[in-house]
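Every number in this text was worked out from the coordinates using simple rules, so none of it is lab data. Treat the numbers as computed from the prediction; the structure is a model and nothing was measured. Every residue, glycine among them, receives a Cβ derived from its backbone with ideal geometry; neighbour counts consider all protein chains shown.
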Amino acid sequence: MSDILKNQPLTIALVGNPNTGKSTLFNALTGLKQKVGNYPGVTVERKTGSVEIDGTRHKIIDLPGTYSLNHKKVDERIAYQTLIGEYEYEETPDLAVLVLDSTNLDRNMYLATQVMDLEIPMIVLLNMSDLAEERGIEVDTNTIQKRLGVPVLPIVAKDKGDIQNVRQAIADHDLEAPKPLSWKPQQPLAEAITLITDEWLHPHTDLPDRAHPIEALRLISNNQVSDDFKNHPRREVAEEIIAKAQSQLEDAGENPTAVEVMARYKFIEQCTSNGNGNHRQEESETLSDKIDAVVTHKFLGPVILVAILLLMFQAIFSWAEPFMNLIDLFFVQAGNTVAETLPPGILNDLLVEGIIAGLGGVVIFLPQIMFLFFFISILEGTGYMARAAFVMDGFMTRIGLHGRSVVPLMSGFACAVPGIMAARTIESWSDRLITIMVLPFMACSARLPVYALMISAFVPNENAFGFISMQGLTFFGLYIFGIVMAILAAWVMKMFFTDGESTPFMMELPSYKMPKWSAVFYNMFERGWIFVKEAGKIIMAISIVLWFLASYPKVEVPDSITNSTTTTEASFNAQESASSYKLKHSYAGQIGQFIEPVIKPLGFDWKIGIGLITSFAAREVMVGTLNTIYSVGESGGNTTTLKQKLINDKDPDTGEAVFSTLSAISLMVFFALAMQCMSTLAIVRRETNSWKWPAIMFIYMTALAYICSLVVYQGGQALGW
Amino acid sequence: MHPLNTTEAGEQINIQCLGCNCQDACRLRELGCIEGVKGKIISNNSNIVLQIGESRLAISEELARTILVSLK
Ligand SMILES: Nc1nc2c(ncn2[C@@H]2O[C@H](COP(=O)(O)OP(=O)(O)O)[C@@H](O)[C@H]2O)c(=O)[nH]1
Ligand SMILES: [Mg+2]
């Protein structure tokens, strides 16, 4: 490094195709000194960190993986915009570190030739050289270095010595930028580039000069480009010049959409071919060929995928349960201890029922989230995830989703929170957003207690057609109902999000590998921590608000309720009716009564109204709230008693039963659809980086729930049920 | 020349023409699936898995119909 630049902190960008080892390298270089966040405005994950070399602290950005700089997809655009210094708050990087996969150099070099055009100083790392060697692929580093004119280094990102070499290469870099177009486009392409640069980009746009060649090439090859200039005052000029350049190429016998790629690949061929050719030998069918033939099979593929996912969720459920019980126990204990040590009063209540309970409500999610990411990291790390996505893609794109939506959606059956976090594996922003927005329709396990209560109380325990239990059928129906609504909602949303991202029907299948265990565990803990840190705050805050609504104002419980009995069993009941009395008169109770006119048409009374409010903390709280309102002693064998009370509950004025099978179904429909989960909203806010999407989610889901329940209840009544 | 979707596992092919729309064609080319390049069919169960050089591409049947190849 020249003396002036020595010790100057640099911004270094890691660039490369997906799966080339950028993140591995990033972690190795930064150690644990890194930050995970979102790119402002989108959900593409952004990692920055720092690396100290010779006493200078440099900033490193891990850019989203991309195959080229041409594309309209958000992730790819971010890589491009960051590199040319057009990205929101980002300065142009001082150094681009290209991470290429040595086992697949030709394809990876394509991006390298594009980045070179941007005149950013760069280092090329030929990663995975261990795999290349293993497979007998010869890589001629010298030729590549000579042709590219930038430092080229074969490395293994997992190797400490190699990382040291990378640090050295950064320290030694003279920060000379490569010349643009050093892949030497021939005529007539070169002429077309000059034409567009001189007559359009230079005089009429404010793009930085360094972006001119690549922008010119993009304009030449892409027919739909005029969209970009929709609002440009001199739009016709652009169109005219582009058309002129394209027709010049056509006259010279070139296909404008192919000519750039061809020219780059021709240059790449000169870099990488060393006489022997670096292509793999025409060997017989390998093991991975055989595996791929099965797992991408049209029928077997989905079957295998579903089997793997079922096993995975089964494991998540059973492994997470003991941890969840422990966490539950711990927070109950902690609550009791605090309740006993502190003098009774507001502080005691706030700590025990607000803060400790709220904290417990956050931490309880951790086991599921961490186990889910343990498995997802393995699916990704082995290379199977890409196959799974491909197999499901045909079906999923038809309903407006993406092949990769399968895993998040299926996780949604356990809990929407980890499911929404898992949506990160979907690269396209619009697909990811739609997946997130419909995911809470999947019947999560928190709905189970409510379904179980309502079904056991109001669905007759009879068999349909002699052998199918009506209760089981209702359960099944509710699951299917959730899935169907998710599909419909996705389909509708796809119509709103036509942002020009055509879903690719092609994808690269990375080669099978053993997952890197340290990365698997790292990922697992990182996700857990992000959840606690980001969503935890919001969940805590809402818990405290809900606690406040349910506990205030404090009312004096009339003596007739507290002092009526003496035996222990009965005094337990008395205590329960005291809390029932308090809840009725709390703000939550008042709101419940206030909204009764609104929910009456759905067949709900004010007691359900309170439940709807408190269950915003978590859906299963509904059962606890009803327990309290109906003053059910837990000693009397939980839901059976509540069930009886629900069935027997009569309207004091009319004497009619408050609940009927119809109103129970209406309630279950409401629970299936309504957005009643603050943790979900909190995680959506974190994952979409704005309050807009959680707000839309809350409104559309709750409105849909209201309408569907209304139709069910009113329709049912009209039919005389 | 045949459309890619009519090939069979194990066959060696030569990509002749990308007849799909321009954006998909660009994408395919970036992934290394370029006119004139050799490849090998790994599997064809209506979805095609195609080996080109060291990269393995999965291509849906719909897209495969628009890619013309010659057999070797
Ligand atoms: N054999 C080998 N595997 C590697 C090397 N570098 C990364 N990997 C593995 O390649 C996979 C993809 O790496 P990752 O860092 O996630 O790639 P990214 O998508 O570019 O961020 C992971 O399973 C890594 O463990 C390497 O030098 N050699
Ligand atoms: Mg990565």
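Okay, here's what the table says:
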| quantity | calculated |
| --- | --- |
| Average beta-carbon neighbours from other chains, 10 Å sphere, peptide B:59-69 | 2 |
| Relative contact order of chain A, pairs being alpha-carbon contacts under 8 Å that are 6 or more residues apart, as % | 10 percent |
| Cα-based Rg / Dmax (Å) for the range A:189-275 | 14.1, 52 |
| Charge dipole magnitude, Cβ of K and R +1, D and E -1 - the range B:2-71, Cα centre, debye nearest 20 | 100 debye |
| Degrees, to the nearest 10: A:429-438 long Cα axis against longest axis of chain A | 10 degrees |
| Debye, to nearest 20: dipole size of the protein assembly as shown, +1 on Lys, Arg Cβ, -1 on Asp, Glu Cβ | 1140 debye |
| Percent of Cα pairs exceeding the 16 Å cut-off, where the set is the range A:582-627 | 29 percent |
| Between the range A:148-170 and the range A:384-404, the alpha-carbon center distance in angstrom | 36 Å |
| Listed residue pairs exceeding 31 Å between alpha carbons, taken from A:Lys582/A:Lys643; A:Lys554/A:Lys650; A:Lys494/A:Lys600; A:Lys290/B:Lys38; A:Lys516/B:Lys40 | A:Lys494/A:Lys600 |
| Sum of -39500 (n - 2.57) over DSSP H runs of 4+, divided by residues of chain A (222 nm, nearest 500) | -18000 deg cm²/dmol |
| Length gained when the stretch A:Arg235-A:Tyr700 is fully extended (0.36 nm per residue, less Cα-Cα span) | 163.5 nm |
| Projected area, mean over directions - the range B:2-71, Cα convex hull, nm² | 3.7 nm² |
| Mean Cβ neighbour count within 10 Å, used as a protection proxy, ranking A:370-382, A:287-299, A:582-594 highest first | A:370-382, A:582-594, A:287-299 |
| Dipole in debye (nearest 20) - the range A:354-446, about Cα centre, beta carbon charges: Lys, Arg +1; Asp, Glu -1 | 60 debye |
| Ranked packing of A:100-111, A:332-343, most packed first, by mean Cβ within 10 Å | A:100-111, A:332-343 |
| Packing rank of A:263-269, A:681-687, A:434-440, where each peptide gets the mean count of other beta carbons within 10 Å, highest leading | A:434-440, A:681-687, A:263-269 |
| Kirkwood estimate for chain A, i.e. one over the average of 1/r between Cα atoms, Å | 29.2 Å |
| Pairwise centroid distance, computed over Cα atoms, of the range A:649-721 with the range A:291-355, Å | 25 Å |
| Where labels lie 7 Å past Cα in the beta-carbon direction, separation of A:Glu138 and A:Glu656 in nm | 8.9 nm |
| Degrees, to the nearest 10: A:300-341 long Cα axis against longest axis of chain A | 60 degrees |
| Nearest 10 degrees, 0 to 90: helix A:448-458 Cα axis against chain A principal axis | 40 degrees |
